[in-house]
Amino acid sequence: MRRPHGREHAGRVTRYGDDVPEAPAEDGPDPVHTHGRDPQADELVMVLAQAEVSAIEAVGGFAGGLYLRSAAPELLRLAVIAGLPSKLFRHWWGMHVNRPFPHSDVYRTGQPVYLGDTEEAMRRYPQLMAGLPFPFGSLYVPISHDRECFGVLAVLRPATPGQPVAEADRRRIHEVGDRLGATLAAMAADRPRIEWDAEPLAVTLQSLTAPPLRIGASTGTSRRAP
């Protein structure tokens, strides 16, 4: 694989999205460029991006987002956005854990949320539909290992009106979340807290073809507990 350059990372993961030429860094340090090229940070980027793409493909989705916990206990941050332009969802880059959204519920409770169609989403999460004004189904699962929750994996897919999300799809996305949770736990073996405090990474779905990374290394986007 060729080495990425500039704002592009391995597997065609782009730091600010293809349509933003030279946006300045905001909201905390950039996990890839804080101290130059950081292989461990790059590994985390690829692990997160590939997990999101795997989840989308597993349940027939067209887009998705991966939220990780941040340095602020009450805030989740969007770490990966796939299949959608990141700058159009800037107001979703940070998600308070007490907001009435499925991402927040999943993170707080550790229980998945499955929304088959617009009617179900409007009934349970009307603010979600106000933020995404087009019909879709969606699935949200925790990224956890043992009793530690790292964040939330979300997938958008075509709605299935009147039909609940199939058990097979629930199992598939839950397996992706479980695998990612185990991977992050292994990566954090010598760094007690993996978190995200940078802007989201934009993933072009059709371009992410690199094989999955081997589990084991720790990352540079972690913070030691005080």
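Derivation of every value follows stated rules applied to the coordinates shown; laboratory data play no part. Values in this document were obtained by computation on a predicted structure and should not be read as measured data. No Cβ is skipped: glycine too gets one built from the backbone with ideal geometry, and neighbour counts run over all protein chains shown.
So here's what we get for this one:
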read-out: At R0 = 30 Å, FRET efficiency that the Cβ-Cβ distance of Asp146 and Lys87 yields, to 0.05; value: 0.25
read-out: Distance from segment 101-180 to segment 39-85 (C-alpha centre basis), Å; value: 14 Å
read-out: Charge context of Ala58, other residues only, Cβ under 14 angstrom, K/R +1, D/E -1; value: -1
read-out: Relative contact order (percent, whole number), segment 73-120, Cα cutoff 8 Å, 6+ residue spacing; value: 29 percent
read-out: Sequence-distant residues sharing a close amide H with Ser70 (under 5 Å, placed H); value: Leu75, Arg77, Trp196
read-out: Inter-label distance, nm, simple model (7 Å from Cα along the C-beta direction), Ala185/Ala168; value: 2.9 nm
read-out: Low-density loop positions, trypsin sites (Lys or Arg not before Pro), segment 115-210 - DSSP coil, at most 15 other Cβ in 10 Å; value: Arg147, Arg193
